[in-house]
Amino acid sequence: MISMMALDLGDRRVLIREDLNAPITSGRVVSDKRLVAALPTLRAALEQGARVMVLSHLGRPKEGVFDASLSLAPVARRLAEFLEREVPLARDWLDGVSVEPGAIVLCENVRFEVGEKANDERLSRRMAALCDVFVMDAFGTAHRAQASTTGVARFAPVACAGPLLAAELDALGEALRDPRRPLAAIVGGAKVSTKLEVLKSLADQVDELILGGGIANTVIAASGRNVGRSLAEHGLVDFAADLLRGKFGGASIPLPTDVVCAERLAPDARGRLKALEDVGGDEMILDIGPETAARFAERLASAGTIVWNGPLGVFEHPEFAGGTRRIAEAVADSAAFSIAGGGDTLAAIEQFGVGDRISYISTGGGAFLEFLEGRRLPAVAALEARDDGIGRGG
Ligand code: AMP
C-alpha cells in the first residue's frame, strides 16, 4: 500500500476521502472528533501545496436527492475554523472542482450521488477523473465497498493510504497480529446479533474475553441462570452456550457474580445490587456489580494488550454507569497496549475522562469490529490491489 506521506503532492490534484460524518444539531457540528482526526492529513497535503479536494458522506440520504439537512455545509464551516482558511463547499463537484495549489475544497455529501452505495463504476471513474492522487483516509468507512471508498481507488492515477487510515491499521495490527500477551478483549453493548462474528473470532484469538451489556445477559442466560426481563437475545442462547463451552476457541470467559438491576429503565430508576443468582423474574440486569468489576479490572491489570468495544452497562444512566466506569479506569491504569473503538465506547471514554490514558482510540465503529473479526476491509484491499506501483499514467 502506498502511503500519502511518501508522495510529492505539490501542485497535484489530491482527492482525499475522509469520514466527516459528524453529529449536527441546528446547523452546527456538535462533536468535532472525526474532524479533528482528519486535520493532520489535510494539513500535511496543504503544506505540500496540493490542490486538496475532500470527500465525505453525512448520514443516510436518498441517492439523487439533495437534502439540505444532510449538507456538509456545517462541516465546511467548522473545518474552516480549524484550518484558519476558507473551506468552500462544492455542490456540483463531479463536473470538476477548481482549486488552487495549497487550497482546499470540500465536496458536498458523496451519498447524494447516484451509484455511491452500489460502488458504481461510472461514478467511480468520474471521481477518479477529478484527481492525480486519490487518498483513502476514512478508516470509519473502510469496511464499505462504495464508489468513494473503493471504486475510485481502482481508477485514480495514483491511490494511496492517508496517515489516519495507516495509523489505525498499524494500531489494530499491533493489538492483534502479534500481541503482547495476555490479550484481553472487552465486548459489551446491546446485542449479540451485531457482534456474533467478532465474538467467534475473538474467542479464538484472545486469552480473556470479558463481556458486558446485553451480550453478557445472553451468555448468563445460556449458563442456565435467570435474567428476568433483561435485554438478552434468547434466540442466540445456543450460540452463547457454544461460546462458553469453547467451541470457537479457548478464551477464558468470566461471568459476572454480582449485577445492578432495576424493574424499569426510567430516568428516576434506582439500581439494586444483587448476586447474580438472585435476579428476579421482573428485573432487568443493567450493569455489572462492583465485585465483578473489580475481578474484571484485576484481569485487565495484568494484560499485555487490551481491545475494547462496547459498554458494560447502561452507562448513560448514572445508576448503571459504575461498571463501565470501573472498566474504563482499569483499561486506563493498565500498562497494556490498549485500543478502543465504537461510538458508545468513545462516548464512555469521554464521559469518564480516560481518553489520554488509552494507547489508541479508533475512529471506526463498524470498521473496527470488522477488523477484529479478521476480515479484510474492502478499502484496504482496493489500495493493496494497486500495489503494482503507481498505476495508470500517474
Ligand atoms: P451497542 O451499540 O451494541 O454497542 O450498544 C450500546 C448500548 O447498549 C448503550 O446505549 C447501552 O446503554 C446499552 N446497554 C449496555 N448494557 C445494557 C444492558 N445491560 N441492558 C440494556 N442496554 C444495555
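The values are calculated or read from the model by the stated rules, or taken from the named source; none is laboratory data. Because the structure is predicted, anything quoted here is derived from the model rather than measured. Using ideal geometry, Cβ is built from the backbone for each residue, glycine included, and neighbour counts are taken over all protein chains shown.
Structure above, values below:
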| item | result |
| --- | --- |
| Filter result for ALA80 (in a helix (DSSP H, G or I) and closer than 22 Å to LEU35 by Cα) | yes |
| Some residue of segment 196-211 being within 26 Å of ALA336 (Cβ to Cβ), within 12 Å of the ligand (Cβ to nearest atom), touching a strand residue (DSSP E or B) at 6+ places or on another chain (Cβ under 9 Å) and among the β-branched types (Val, Ile, Thr) | yes |
| Residue match in segment 259-282 (condition: crowded, with 21+ Cβ neighbours inside 10 Å, of a type outside the set (A, V, I, L, M) and over 28 Å from the mean Cα position of the chain (by Cα)) | yes |
| Subset tally (residues that are in contact with a strand residue (DSSP E or B) (Cβ under 9 Å, 6 or more places away or on another chain), under 27 Å from GLN205 (Cα atoms), among the charged types (D, E, K, R) and more than 11 Å from the ligand (Cβ to nearest atom)) for segment 259-306 | 2 |
| Among the candidates GLY59, GLY49, residue that is within 26 Å of the chain's Cα centre (by Cα) and more than 22 Å from ARG126 (Cα to Cα) | GLY59 |
| Filter pass, ALA294 being assigned to a helix (DSSP H, G or I) and outside the structural domain of ALA262 (by TED's automatic domain parsing) | no |
| SER252 away from the ligand (no atom under 16 Å from the Cβ), under 30 Å from PRO318 (Cα atoms) and either out of contact with any Phe, Trp or Tyr (no Cβ under 8 Å at 6 or more places or on another chain) or not assigned by TED's automatic domain parsing to the domain that holds GLY304 (or both) | yes |
| Residues (over 17 Å from VAL105 (Cβ atoms) and outside any loop (DSSP other than H, G, I, E, B)) located in segment 1-34 | SER3, MET4, MET5, ALA6, ILE24, THR25, ARG28, VAL29, LYS33, ARG34 |
| Residue within segment 307-318 that is more than 14 Å from the ligand (Cβ to nearest atom) and not in a strand (DSSP E or B) present | no |
| Tally, over segment 342-360, of residues that are within 16 Å of the ligand (Cβ to nearest atom) and surrounded by fewer than 21 Cβ atoms within 10 Å (Cβ to Cβ) | 7 |
| Number of positions in segment 35-77 that are in a helix (DSSP H, G or I) and acidic (Asp, Glu) | 1 |
| Only one of ILE327, ILE339 that is under 22 Å from the mean Cα position of the chain (by Cα), under 21 Å from LEU176 (Cα atoms), within 13 Å of the ligand (Cβ to nearest atom) and touching a residue at least 40 places away in the same chain (Cβ under 8 Å) | ILE327 |
| Unmet requirement for THR150, which otherwise passes all of (1) part of a helix (DSSP H, G or I); (2) among the β-branched types (Val, Ile, Thr); (3) within 16 Å of the ligand (Cβ to nearest atom) | (3) |
| Conditions (1) modelled with pLDDT of 95 or more; (2) of a type in the set (S, T, N, Q); (3) under 19 Å from the mean Cα position of the chain (by Cα); number of the one not met by THR194 | (1) |
| Candidates ALA203, ALA171 - the one that is over 30 Å from MET284 (Cβ atoms), part of a helix (DSSP H, G or I), among the small types (Gly, Ala, Ser) and outside the structural domain of MET53 (by TED's automatic domain parsing) | ALA171 |
| Residue in segment 174-191 that is surrounded by the most Cβ atoms within 10 Å (Cβ to Cβ), counting only those that are part of a loop (DSSP other than H, G, I, E, B) and more than 9 Å from the ligand (Cβ to nearest atom) | PRO179 |
| Subset tally (residues that are surrounded by fewer than 22 Cβ atoms within 10 Å (Cβ to Cβ) and either in a helix (DSSP H, G or I) or not aliphatic (A, V, I, L, M) (or both)) for segment 117-127 | 7 |
